[in-house]
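Remarks on the structure that follows.
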Amino acid sequence: MSESSIRLFLVPTPIGNLKDITLRAIETLRSVDVILAEDTRTSGMLLKHLEISKPLQSYHIFNEHKAVEKLVERMKKGEVFALVSDAGTPAISDPGFLLVREVISAGLEVQCLPGPTAFVPALVNSGLPNDRFVFEGFLPHKKGRKTRIDSLLEEIRTMIFYESPHRLMKTLEQLAEAFGPERQACVSRELSKLHEENVRGSLAELMDYYETNPLKGEIVLVVEGKPEIKETREEKQEKKQAAWKKNK
Ligand code: SAM
């Protein structure tokens, strides 16, 4: 794929520390014809800081369905776009998926640049197994919330949730009820910012902690998967013998 055939770049932007913008992100934002932004004011400030002056067009969940068709038409005619969200990687719990899907199905090229996103540092900071994990994004607020939590009862992989500070306690309580209060977890708050905090412990310990400690800012909750019951050598041997006797 040559760079020149790409019509849409997804450009990750810092989640709290402006130094996390990549050189390629800056270069790409400088090179495109139009920048699509979730919030033109927020992105406008970042672009000003980077001394980039480009036409900005708003692209958010409320207009994305309507906007996609027109944008794809413009891309077909040769215009090159960058999509940015307020923070982090576009399309990760942010608008973008719809546009990516339609651009691909129109036979055009898309490229997402590597860069800031909240869930990767939260997962690694948690100290929980990260060889396999599941990204759950935001839990539904009301309808479907319990069904979603119940669908994770047998999940053995580490789970990652995005959460708002005022809903964290409720989420910790509901997860403790579903998975048991001893399940290990980590709350990553204000990642990459001055007051970054990673609090690790059981769901019960985290609830205790946030009873008395301020809960402000942006949050990622990482939760251990269901512990696998490991069979002892003796248990394995017994099973083998039982199977052998059955087949005799
Ligand atoms: N696109 C973003 C990404 O790549 O991570 C996510 C956008 S989503 C609308 C916003 C959520 O991401 C927040 O509610 C929080 O759960 C998480 N988040 C974003 N920045 C964060 C930070 N600095 N520290 C902790 N969590 C953060």
Next item on the list: Kindly indicate whether any position in region 4-14 is at pLDDT 95 or above, part of a helix (DSSP H, G or I) and in contact with a helix residue (DSSP H, G or I) (Cβ under 8 Å, 6 or more places away or on another chain).
Entry: no
Check: If only one of S93, S151, S126 is more than 28 Å from A25 (Cα to Cα), out of contact with any Lys or Arg (no Cβ under 6 Å at 6 or more places or on another chain) and at pLDDT 95 or above, which one is it?
Finding: S151
Item checked: Only listed residue being more than 9 Å from the ligand (Cβ to nearest atom) and either open to solvent by less than 70 Å² (accessible area, probe 1.4 Å) or in the same structural domain as V34 (by TED's automatic domain parsing) (or both), chosen from A82, A122, A87 -> A82
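The values are calculated or read from the model by the stated rules, or taken from the named source; none is laboratory data. Predicted, not measured: the structure shown is a model, and the values here were computed from it. With ideal geometry, Cβ positions are generated from the backbone for all residues, glycine too; neighbour counts draw on all protein chains shown. SASA here: full protein model, heavy atoms, side chains in, ligands and nucleic acids out. Shrake-Rupley method; radii C 1.70, N 1.55, O 1.52, S 1.80 Å.
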